[in-house]
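The structure appears right after this line, and notes come after that.
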Amino acid sequence: MKTFSLKTVLLTLVTFCTLAIANAADTKPLAEFKIESGSKVVQVLLSSKDVDVTITDMVGHILVKDHITNRKNTIRPYNFGELKKGIYFIEISDRLRTTTQKITVSEKDVLIDTTSNLRYKPFFKETNNYVDVNMLIENRPTQVQILDKNSNILYDHTFNDVLLQKRFNLTELEEGSYTMRVVQDDHIYFHTFNQ
């Protein structure tokens, strides 16, 4: 009969809890968007406690950047009435996910696109000589790299599964600072660690 060490059982439990938290966070959208008839003010109902709200124009210029903490179920108004006609994006981000909503401003009104783009962020965990990375990638090609302090690539692999779940053993690395880079579509996430 196979026996498991306490360390193996605890690691499995931590991984399971991380995924359970990610799934629990996913049961409610990060935000709901409303506009009253004839208004150009977008009401954003935030369902997460700590979020970043970024409003950009079509070319990516940041027009508004808010960090809202410890306020679950907060309604935040954003006035699009002073903006030129065009397409804008509201990006709402918490610890595990990012959602992007397209907003179209015309001369008479503001329209909210009914589809949103939900993206999950990687979750990094360092323990002893290991770095774990977990991320719901939904079959989107996701590249993971480890770089040294001189930006030399030491590890490079592209994953294409539902879930990215990888443990990196750091014992072979020399002492120093390293960066893990996770790239999915046009989003890049970084995690710096020391060995």
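For segment 38-60, state whether one or more residues are more than 19 Å from the chain's Cα centre (by Cα) and among the small types (Gly, Ala, Ser).
So far as segment 38-60 goes, yes, one or more of its residues are more than 19 Å from the chain's Cα centre (by Cα) and among the small types (Gly, Ala, Ser).
Quick one: what pairs do we get from segment 43-66, first residue closer than 13 Å to Glu91 by Cβ and in the same structural domain as Lys102 (by TED's automatic domain parsing), second exposed (fewer than 14 other Cβ atoms within 10 Å of the Cβ) and basic (Lys, Arg), C-beta under 6 Å, 6+ apart or different chains?
Thr54/Lys65
Quick one: which strands (runs of 3 or more DSSP E) sit completely within segment 122-192 and have at least 3 residues that are aliphatic (A, V, I, L, M)?
So the answer is 130-136, 142-147, 177-184.
Return the total of residues in segment 119-131 being more than 16 Å from the chain's Cα centre (by Cα) and surrounded by 18 or more Cβ atoms within 10 Å (Cβ to Cβ).
The qualifying residues number 1.
Any chance you could count how many residues in segment 85-118 are within 17 Å of the chain's Cα centre (by Cα), assigned to a loop (DSSP other than H, G, I, E, B) and of a type in the set (D, E, K, R)?
Adding up the residues that qualify gives 2.
The values are calculated or read from the model by the stated rules, or taken from the named source; none is laboratory data. Everything numeric in this text was worked out from a predicted model, so none of it was measured. With ideal geometry, Cβ positions are generated from the backbone for all residues, glycine too; neighbour counts draw on all protein chains shown.
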